[in-house]
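Peer 1: The structure is given below, and queries will be raised subsequently.
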Amino acid sequence: MAETATDRLTCVTAEIRAAEAEYGRAAGSVTVIAVSKTFSGEEIRPVLAAGQRVFGENRVQEAMAKWPGLRADFPGIELHLIGPLQSNKAKEAVAIFDVIHTVDREKIARALKSEMDRQGRHLPCFVQVNTGEEAQKAGIAPAQTDAFVAFCRDEVGLDVAGLMCIPPVEEAPGPHFALLQKIAARNGLAQLSMGMSSDFPIAVGFGATHVRVGSAIFGSRDYG
């Protein structure tokens with residue numbers, strides 16, 4: 001593995017460009033979300049200096065603690081919430097993030113829209129689909145996704161940009177990516193947030209527009 005985060009970012013970008021070419025995707029059609037959860041601002045700065053501008057965080061409080069200072073020093077940052085969101089954190093989430101990937105229940109959809117209206121920040125959102133129907137994992141069941149997307153769009157008025165999934169770790173990701181692609185297509189959704197450090201080239205083959213890559217860029221996490 002490359003020695004530094006910037007070296008690893010270069011390698012990840014090259015892998016994605018190669019996958020785009022292999023699967024007939026347009027060059028640059030896949031956005032790398034550098035997942036910076038648990039990493040400090042000082043660890044993120046070299047990746048920002050290398051030109052990366054799209055980042056993902058799991059926790060609202062962590063993002064609020066470290067990103068205002070980074071944004072002051074590096075223009076054009078786009079911050080994605082990729083972890084579960086509680087409705088009591090909707091106000092802070094709308095204030096600090098630019099895209100929300102984890103809309104999965106009516107209460108969250110309504111809370112987000114209320115805050116977006118209040119703050120005048122209408123953020124694109126992804127509906128999280130629990131493709132493996134895992135009891136311990138967030139996300140709407142595949143069979144309920146069409147109705148929930150319609151609810152978010154038509155009743156709540158959210159800007160639903162696409163779908164997101166996290167396949168079961170013990171299963172091959174391809175069938176889960178294919179399912180997400182199929183659900184998105186029939187709902188007219190152009191964006192797919194899928195693929196992580198271990199499987200992002202496969203996700204590119206199934207139409208991913210956003211891949212969420214953490215350890216392959218920043219290295220192993222110390223959860224302490």
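The values are calculated or read from the model by the stated rules, or taken from the named source; none is laboratory data. Because the structure is predicted, anything quoted here is derived from the model rather than measured. Cβ coordinates were reconstructed from backbone atoms using ideal geometry, including for glycine residues, and neighbour counts include every protein chain displayed. SASA here: full protein model, heavy atoms, side chains in, ligands and nucleic acids out. Shrake-Rupley method; radii C 1.70, N 1.55, O 1.52, S 1.80 Å.
Peer 1: Please work out if Ala95 is open to solvent by 50 Å² or more (accessible area, probe 1.4 Å), among the aliphatic types (A, V, I, L, M) and without any contact (Cβ under 8 Å) to a residue 24 or more places away in the chain.
Peer 2: Taking the combined requirement at face value, the residue does not satisfy it.
Peer 1: Take the range 6-40 and flag every residue that is open to solvent by 20 Å² or more (accessible area, probe 1.4 Å) and assigned to a helix (DSSP H, G or I).
Peer 2: Within the range 6-40, Thr6, Asp7, Arg8, Thr10, Cys11, Thr13, Ala14, Glu15, Arg17, Ala18, Ala21, Glu22 qualify.
Peer 1: Between residues in the range 33-57 that are over 14 Å from Ser193 (Cβ atoms) and residues that are in a helix (DSSP H, G or I) and among the hydroxyl-bearing types (Ser, Thr, Tyr), which pairs lie under 8 Å by C-beta distance while being six or more apart or on different chains?
Peer 2: Cβ pairs passing all conditions: Pro46/Thr6; Val47/Thr6; Ala49/Thr6; Ala50/Thr6; Ala50/Thr10.
Yes/no matrix, rows are residues, columns are (1) without any contact (Cβ under 8 Å) to a residue 12 or more places away in the chain; (2) part of a strand (DSSP E or B); (3) not β-branched (Val, Ile, Thr):
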site	(1), (2), (3)
Ala161	no, yes, yes
Pro167	no, no, yes
His176	no, no, yes
Lys182	yes, no, yes
Ser197	no, no, yes
Ala216	no, no, yes
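Peer 1: If you take the residues in the range 125-158 that are assigned to a loop (DSSP other than H, G, I, E, B) and among the charged types (D, E, K, R), which one is surrounded by the fewest Cβ atoms within 10 Å (Cβ to Cβ)?
Peer 2: So the residue we want is Glu133.
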